[in-house]
Each structure stands twice: as C-alpha cells, then as structure tokens.
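Beneath this line is the structure, given in structure tokens, with notes to follow.
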Amino acid sequence: MKALVATEYATLDRISVTDHPTPSPGPGQVLVKVEAAALNPLDLALITGAMKDMFPVEHPLVIGMDVAGTVAKLGEGVTEYALGDPVLAFVGQGGTVAEYTVATVADRFAKRPPGLAAAQAAAIPESGLTAMCLLRAVGLAAGESLLVVGATGGIGLYAVQVASSLGAQVIATATAEDAEYMRSLGAAGTVDYKAADVVAETLRLVPGGVDVVLDLVNRGEGLVGSARAARPGGRLVSPLFGPDDLGREVSGVYIGGFTSEPGDLEKLAARAAEGTLRVEIGASYPLADAARAVADFAGKHIRGKVVVTVP
Ligand SMILES: NC(=O)c1ccc[n+]([C@@H]2O[C@H](COP(=O)([O-])OP(=O)(O)OC[C@H]3O[C@@H](n4cnc5c(N)ncnc54)[C@H](OP(=O)(O)O)[C@@H]3O)[C@@H](O)[C@H]2O)c1
C-alpha cells in the first residue's frame with residue numbers, strides 16, 4: 001500500500017509517500033480502509049524526534065493518528081463491527097496517513113453516522129476528544145467566562161463550540177481575518193493575538209478577568225502570563241505543562257495525554273452529522289501530496305484542521 005513514511009528522525013522535508021506493507025489487525029483490532037486522515041501537532045514531533053524521550057517511535061514510521069474509513073478486515077474477537085462499516089478513530093500507535101491502517105476497537109473508535117463525510121469525521125478524534133477532556137478537567141460550567149488562547153487551530157475549533165454550547169461566554173484569540181469565523185463557532189468576543197496584548201484586551205472585555213483560561217499555545221512559565229487574564233482564584237487549563245504556582249491563587253490544571261469517556265467520540269460524530277458541530281477543514285490534500293500537507297500544517301496559518309484524503 002501507499003503510506004506517508006518517515007524512515008528516521010529528520011526534518012519535515014524528509015518524509016515521503018512510498019510503498020509500505022499493509023498492516024494486519026490483531027485481536028480486538030480491525031483493518032480500516034482509509035478514506036481520510038487528519039494531522040495533529042504530535043505528528044510533527046514524532047517525525048522530527050522532538051518528543052523522542054517521551055514518545056519514542058520505531059522506523060519506518062507511518063504518520064498520522066486520526067482516521068475515517070471503512071472496516072476492511074476483522075481481527076480476532078471483534079463482533080460488533082462488520083466488513084464495510086464506516087468508522088472513525090484515534091489510532092494511538094499511528095499509521096493513518098496511508099491506504100490502510102489498523103485500529104483498536106475501544107473508546108476512541110466509533111461508527112461513523114450517516115451524513116458525516118469521511119473528511120469531516122477524520123478531523124474530529126484527537127482535537128475533539130482533547131477539547132472535551134480539557135473542558136471536563138477544568139469543570140467549565142454554564143455562565144462562566146472562558147478565554148481560549150490558540151482558538152483558531154484544531155483543539156480550539158471544538159473547544160469554542162463545546163464551551164459555548166455549555167453556556168459559557170467564550171473569548172477567542174483570532175486575527176481580524178478570523179474574527180467572524182470565531183464568532184460563527186460561538187465566541188462572544190475575539191482578541192487579536194498578532195495586533196494586541198491578549199491579557200490586556202481580555203481584561204478590557206471582561207473586567208476583573210475570566211473564570212477560566214484555556215491555553216493551547218503557551219507552556220511552562222509562559223502560562224503565568226496568560227493566567228493574568230483569569231480572575232483571582234480562577235482556573236487555567238492546558239494540554240502543555242506549566243508551573244503549580246500561577247499567582248493570585250489561579251489554579252493550573254494540566255493534562256498529560258488526553259483521556260476520553262466512553263461515548264465521547266460517538267457524541268462528537270453525531271453532533272457533526274446533525275449539523276450542530278461545525279468541522280472546519282482549512283486545507284485538504286490527496287495522499288500523493290501528504291508530505292506537502294505536513295509542511296503546510298507546520299508552516300502556514302490554517303483554520304481548524306488539515307486533512308489528507310485517500311482516493
Ligand atoms: N496533552 C495532550 O493530550 C494533547 C493533545 C492534543 C494536542 N496537544 C497540544 O496542544 C497544542 C494545541 O494543539 P492543536 O491541535 O490545537 O494545534 P494547532 O491546530 O496547531 O492550533 C494552534 C493554533 O494556535 C494559534 N496560535 C499560535 N500562536 C498563537 C498565539 N501566540 N496566540 C494565539 N494563538 C496562537 C495558531 O495560529 P497560527 O497559525 O497563527 O500560528 C493555531 O491556530 C499543541 O501544542 C499540541 O501538541 C496536547
């Protein structure tokens with residue numbers, strides 16, 4: 001089969017679409033005929049080896065963790081799926097930017113509802129599940145105010161929508177070009193991270209500070225800065241690690257890997273299928289151009305998700 005492969009830790013321009021053995025499903029797994037895959041920042045780190053101490057990989061590495069396609073082969077013990085079933089999944093071991101991939105039938109594997117196109121479905125798992133995990137971890141409640149830093153990317157796409165549908169007042173970082181897009185996702189206000197000081201602008205919009213800051217961009221001591229947009233005693237949540245002491249009794253909630261609850265992926269897929277959750281695909285590439293998809297994802301400003309489609 002054809003797959004997007006890294007043969008060693010290297011710069012992003014060293015990956016290519018090449019022949020690779022078709023994988024076989026083990027017990028509890030299925031082989032998925034890929035229709036679409038989506039990219040995430042972790043894919044970039046696995047290619048370059050930037051996180052090799054935490055996430056070492058074996059080479060050759062097939063890139064990608066998000067997938068939508070159809071079940072092509074059943075592994076031992078899989079009874080709840082049939083050949084041809086449309087599915088979507090987060091594949092933790094990678095390998096989705098390819099003609100076929102193997103996925104484990106568990107919480108992060110779901111049937112794709114009718115009406116949800118493969119490209120849209122592939123754009124949901126990692127970003128959508130992480131958004132739900134972050135909002136759950138910080139206990140966001142109806143009526144609270146929330147600043148989302150990094151709102152224009154993958155996690156932000158879902159975090160802004162889920163938070164506003166919970167009844168939170170969402171302030172999202174966005175340039176003037178993306179402001180209307182963010183409002184269409186449910187943001188009540190936007191702060192231009194390229195033209196203004198995000199903290200000062202947020203405090204102007206919400207005097208006294210927001211109840212919760214969701215920061216998808218800064219890490220470490222950088223989070224102390226964005227915590228200043230929270231009210232004294234407020235909360236900050238991040239998928240990247242930060243200090244325990246954020247000052248002014250703002251508490252920090254950090255998730256290492258994201259956790260999901262049974263049914264999370266089904267719920268996100270159902271909402272996308274019924275049209276109550278928008279899936280913004282900022283750029284889409286055929287498998288033959290998958291290396292360019294990775295380069296653009298790393299180097300260009302793209303709204304929402306980057307998807308690779310497999311003919
Ligand atoms: N712990 C976990 O389990 C977990 C899971 C998933 C992701 N993550 C991490 O979470 C982070 C976000 O993931 P993602 O998928 O949402 O990434 P993404 O799709 O790359 O989105 C990041 C967004 O942040 C914007 N941005 C960059 N600098 C900014 C700034 N100074 N102020 C405001 N916005 C800024 C980017 O816009 P520009 O194009 O203008 O730069 C982009 O729209 C990544 O670091 C990822 O590795 C962790």
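The values are calculated or read from the model by the stated rules, or taken from the named source; none is laboratory data. Just so you know, these numbers come straight off a predicted model, no measurement behind them. Glycine also receives a Cβ, built like all others from the backbone with ideal geometry; neighbour counts cover every protein chain displayed. Note: accessible area is taken over every heavy atom of the protein model, side chains too, but ligands, DNA and RNA are not part of it. Shrake-Rupley method; radii C 1.70, N 1.55, O 1.52, S 1.80 Å.
The charge dipole of the range 86-150, taken about its Cα centre with unit charges on the Cβ atoms of Lys, Arg (+1), Asp and Glu (-1) only, comes to about 140 debye. Here H59 and A188 are evaluated by their C-beta separation; at R0 = 41 Å the FRET efficiency comes out at 0.30. Taking a ≥ b ≥ c as the square roots of the eigenvalues of the Cα gyration tensor of the range 128-254, is the shape rounded (a/c under 1.5), prolate (a/b larger than b/c) or oblate? Rounded, because the longest to shortest axis ratio a/c is under 1.5. Work out how much length A179 to M1 would gain on full extension: take 0.36 nm times their residue separation and subtract the Cα-Cα distance, in nm to one decimal. Separation in residues times 0.36 nm, less the Cα-Cα distance, equals 59.9 nm.
Within the listed set A179, A50, A98, the Gaussian network model of the chain (springs between alpha-carbon atoms below 10 Å) gives the highest mean-square fluctuation for A50. Just to be sure I understand: of the beta bridges DSSP finds with both ends in the range 169-311, what percent are antiparallel, rounded to 5? Restricted to the range 169-311, the bridges split so that about 5 percent are antiparallel.
For the chain, the longest principal axis of the alpha carbon atoms and the long axis of helix 290-299 meet at an angle near 10°.
A straight chain from D197 to S24 at 0.36 nm per residue would run longer than the Cα-Cα distance by 57.2 nm. Taking trypsin sites (Lys or Arg not before Pro) as exposed when DSSP calls them loop and at most 16 other C-beta atoms lie within 10 angstrom, the chain has its longest site-free stretch at 53-193. Counting only DSSP beta bridges whose two residues both lie in the chain, roughly 55 percent are antiparallel.
Other residues with beta-carbon under 13 Å from the beta-carbon of A295 carry, at +1 per Lys or Arg and -1 per Asp or Glu, a net charge of -1. In plain terms, the chain from A288 to F241 could stretch by 13.3 nm, reckoned as 0.36 nm per residue minus the Cα-Cα distance. Restriction of the GluC sites (Glu not before Pro) in the range 16-116 to DSSP coil positions whose beta-carbon has at most 12 other beta-carbons within 10 angstrom yields E58, E76, E80.
For a label point 7 angstrom out from the Cα of A106 toward its Cβ, which stretches of the range 254-274 have the backbone nitrogen within less than 18 Å? Once the point is set 7 Å along Cα→Cβ of A106, 256-266 turn out to lie under 18 Å by backbone N, inside the range 254-274. Each semi-axis of the equivalent ellipsoid for the chain is √(5λ) with λ an eigenvalue of the Cα gyration tensor; in descending order they amount to 34, 21, 18 Å.
Per atom type, the range 128-254 shows carbon and sulfur on 53% of its accessible surface, probed at 1.4 Å.
Summed over the residues of the range 128-254 and divided among them, the accessible surface reaches 38 Å² per residue at a probe radius of 1.4 Å.
Annotation: lysines with alpha-carbon distance below 20 angstrom to K111 (same-chain offsets under eight excluded): K33, K73, K267. The magnitude of the dipole of the chain, with charges of +1 and -1 set on the Cβ of Lys/Arg and Asp/Glu and taken from the Cα centre, is near 340 debye.
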